[in-house]
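See structure below.
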Amino acid sequence: IQFTGIFTTIATAFIAWTQMRKNEELAQSYALAAQELTFIYEQSRQIITEEQLSTYVANAEIAISREHTMWIARRS
């Protein structure tokens with residue numbers, strides 16, 4: 001029996017499964033970010049005052065900053 005071939009096949013399958021999980025997590029993260037940014041965009045239609053604009057910009061910056069921080073953490 002060639003254990004090298006069996007071991008290589010199992011290792012390759014494990015690596016593929018791990019990469020698939022990473023892609024699923026990334027897709028979920030991007031979907032959540034897209035949903036949040038869509039919500040923020042919808043809020044932009046209700047801005048009337050300068051104070052509302054300031055709050056809107058702060059909320060948008062927080063959402064984008066959060067996603068950017070998570071992106072940096074994933075790359076590390």
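The values are calculated or read from the model by the stated rules, or taken from the named source; none is laboratory data. Here the structure is a predicted model, which is why all the values come from computation and not from measurement. Ideal geometry is used to build each Cβ from the backbone, glycine not excepted, and the neighbour counts take in all protein chains shown. Keep in mind that these areas ignore ligands, DNA and RNA; they rest on the heavy atoms of the full protein, side chains included. Shrake-Rupley method; radii C 1.70, N 1.55, O 1.52, S 1.80 Å.
At 1.4 Å probe radius, can you tell me the per residue accessible area of the chain in Å²? Each step should come with its number before you reach the end.
Numbers: 6630 Å² over 76 residues.
I get 87 Å² per residue for the chain.
Students often get this wrong: which residues of region 44-76 have the backbone nitrogen under 15 Å from the point 7 angstrom along Cα-to-C-beta of residue 25?
70-76
What's the Kirkwood radius of region 9-74 in Å, using all Cα pairs?
14.1
Quick check: at a probe of 1.4 Å, how many percent of the accessible area of the chain sits on carbon and sulfur atoms?
Numbers: 4250 of 6630 Å².
On the chain, the fraction of accessible area on carbon and sulfur atoms equals 64 percent.
With everything on Cα atoms, drop me the angle between helix 50-75 and the longest principal axis of the chain, reported from 0 to 90° to the nearest 10.
10
Simple spin-label model, 7 Å along Cα-to-Cβ: residue 51 to residue 68 in nm?
According to this spin-label approximation, the distance is 2.8 nm.
Taking only Cα atoms, what is the 0 to 90° angle, nearest 10, from helix 3-44's long axis to the longest principal axis of the chain?
10
Return the loop-located trypsin sites (Lys or Arg not before Pro) in the chain (DSSP other than H, G, I, E, B) with at most 12 other Cβ atoms within 10 Å of their own Cβ; answer none if there are none. Each step should come with its number before you reach the end.
Values: sites: 21, 22, 45, 66, 74, 75; in loops: 45.
Taking the chain and a limit of 12 other Cβ atoms within 10 Å, the loop trypsin sites (Lys or Arg not before Pro) found are 45.
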